[in-house]
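Beneath this line is the structure, given in structure tokens, with notes to follow.
The values are calculated or read from the model by the stated rules, or taken from the named source; none is laboratory data. Fair warning: this is a prediction, and the values are worked out from it, not measured in the lab. Methodologically, a virtual Cβ is constructed for each residue, glycine included, from the backbone with ideal geometry; neighbour enumeration extends over all protein chains shown. For the accessible areas, the whole protein counts, side chains as well, though only heavy atoms, and no ligand, DNA or RNA atoms are used. Shrake-Rupley method; radii C 1.70, N 1.55, O 1.52, S 1.80 Å.
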Amino acid sequence: MRSDSLAFRLVAGAALWSAIALVAGGLILSAIFRNSVERSFDSRLNVLLHSLIATTEVNAEGEIVRQGGLSETRFDLAYSGWYWQIWPVAPRPALRSRSLFDQSLDLSPAEKTIRNDIGLKIFDTIGPENQPLRVVERRVTLPGYDVPVSFAVAGDRTEMNVEIQSFNTWLFAAMAAMGAGLLVALLIQVRFGLRPLDRVRHSLSQIRTGRATKLEGDFPLEIEPLAEELNGLLEGNREVLERARTHVGNLAHALKTPLSVLTNEARSHKDPFGETVSRMTMQMREQIDRHLARARMAASANVLGAHTPVEPVVGRIARALERIHAERGISIEVSCPPDAGFRGEAQDLEEVVGNLLDNACKWAEERVRLTVTAEGIERKNRAFLLVAVEDDGPGLPESARKTVLQRGARLDETKPGSGLGLSIVTEVANLYGGELKLETSAMGGLRAELYLPATAPLS
């Protein structure tokens, strides 16, 4: 997935916000759980504190004494982490649980106070064995005792911390699993959601390579207007092309009629002026034909969705030329895959193949071979087909091969023709991004290799 792709932006954006939401949710849940556990622990300590106060009284001598014990047995185990303490009880030392042994609780960490309700103070401190303690303290005035007495119960908060840590570990694991699941879901959702765009891209590729003429298939509501507009654009392009061809034909007809009149008038004059006019009108006709043909080919070479099956075209031309050259006994051998396709107009393929075959027949002794290769040829990251035409004629020296590709060039005036055939083939090949090469044939004559853009047949 590229960093500049729409899919990456959607996934990255959703993943970022999901991560923020998961982290914030995890912190909130952790804080809620911690607060719940601490309040539960504080409530337990508060119950023990009330029991401590309820079992404490002042005797007849004015001394504070304890009546009975508390339900928590760990108060009797030395340094167990669970302690209680009552002070001051002058003139005697503070009363404390057996678990404190010879130590006392530090009940003055005012800066560490967590909650200070009415008459009740809750704070954290450090116990005799460096234990983290949670302390609840309440100052009470006992009947018959003039000095307010402080009652404190402390519990080891290690078990609370362990419980909180265990919850946080599972919470982190759950959030990580949920994040991974969300990321996978995002990838699937984005892939599924953008699949119609892949279909549009594939359809456009099919149109560009000639496999289709318009976008086909069912698209989502959001993509359907785009598909309709693209189909309208393609149809408009075809209409513009047809109008351009019509205008080209009209222009050709409008110019050729006056040129024919001038030519006929010039032929009626046998003087130098008539010969000059006749020669100039002939050149004008050739130039008009040439540029109109190039305009038509340039337009057709850029038609989206143009597709021509190759086999019917080359077979038809080969049969026609065999009949034309029947007196010389020329045989034309054609080898073409049935699924070979040319990404262009049929008349352009007919023109280039016809020129190559006709040129080969003129120079061949007996045999001409046409071979079409439609697979494994790639030029400029595009698929091409190779049309190879060979003959068993005298061939052509390498030094003369560039010359014959020039417009009007003829090496042998005894052969019929205008010398435009190979140059036209070169122009058409160039317009389609292809190429014409002349090589030596294994049959002894010339081998013309024509590269044209290929496409698969319409499905």
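Data for the structure
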| item | result |
| --- | --- |
| Cα long-axis angle, helix 272-301 against the chain (0 to 90 degrees, to the nearest 10) | 30 |
| Computed label-point distance, nm, for sites residue 398 and residue 188 using a 7 Å Cα→Cβ extension | 6.4 |
| Separation in nanometres of the label points that stand 7 Å from Cα toward Cβ, at residue 195 and residue 264 | 6.9 |
| Under-23-angstrom lysine pairs by C-alpha in the chain, whenever the two are 8 or more apart or on separate chains | 9 |
| Percent RCO, i.e. relative contact order, over the stretch 4-162, from Cα pairs under 8 Å lying at least 6 residues apart | 20 |
| Acute angle (nearest 10 degrees) that the helix 158-193 long axis makes with the longest principal axis of the chain, alpha-carbon atoms | 20 |
| Neighbour net charge for residue 401 - beta-carbon separation under 10 angstrom, K R +1, D E -1 | 0 |
| Kirkwood-Stokes translational diffusion coefficient of the stretch 178-225, alpha-carbon pairs, 10 °C, 1.306 mPa s, µm²/s | 129 |
| Added length on full extension, which subtracts the Cα-Cα distance from 0.36 nm per residue, residue 101 to residue 350 | 78.4 nm |
| Between helix 310-324 and the chain: long-axis angle, C-alpha atoms, 0 to 90°, nearest 10 | 10 |
| Accessible area (Å², 1.4 Å probe, nearest 10) - residue 316 | 110 |
| Proximal charge balance of residue 360 [Cβ under 10 Å; K/R count +1, D/E count -1] | 0 |
| Farthest positive-ward along the chain dipole, Cα basis, beta-carbon charges - from 67, 107, 331 | 331 |
| Mean residue ellipticity (222 nm) of the chain, computed from DSSP H runs ≥ 4 via -39,500 (n - 2.57), nearest 500 | -17000 deg cm²/dmol |
| Average Cα contact separation per residue, the stretch 322-382, under 8 Å, 6 or more apart, as relative contact order % | 50 |
| Top positive-direction residue, dipole computed over the chain with Cβ charges, set 288, 119, 20 | 288 |
| Long-range Cα-Cα pairs in the stretch 315-385 (distance over 20 Å), rounded percent | 35 |
| Separation of alpha-carbon centers, the stretch 352-381 and the stretch 326-340, rounded to whole Å | 10 |
| By accessible area with a 1.4 Å probe, ligands and nucleic acids excluded, highest first: order of 202, 247 | 247, 202 |
| In Å², nearest 10: area of residue 51 left accessible to a 1.4 Å probe | 50 |
| Accessible surface of the chain [probe 1.4 Å, protein heavy atoms]: carbon and sulfur percent | 57 |
| Calculated FRET value between residue 382 and residue 36, using beta carbons and R₀ = 51 Å, to 0.05 | 0.15 |
| For the chain, the Rg and Dmax computed from alpha carbons only, in angstrom | 49.8, 162 |
| Mean separation of Cα contacts under 8 Å, 6 or more apart, over the residue count of the chain: relative contact order % | 10 |
| Alpha-carbon centroid distance for the pair the stretch 436-450 / the stretch 1-58, whole angstrom | 82 |
| Net charge over other residues, Cβ less than 11 angstrom from the Cβ of residue 217 (K, R count +1; D, E count -1) | -1 |
| Spin-label model distance (nm) - residue 235 vs residue 76, 7 Å beyond Cα toward Cβ | 9.8 |
| Rounded to the nearest 20 debye, dipole of the chain from Cβ charges on Lys, Arg, Asp, Glu | 760 |
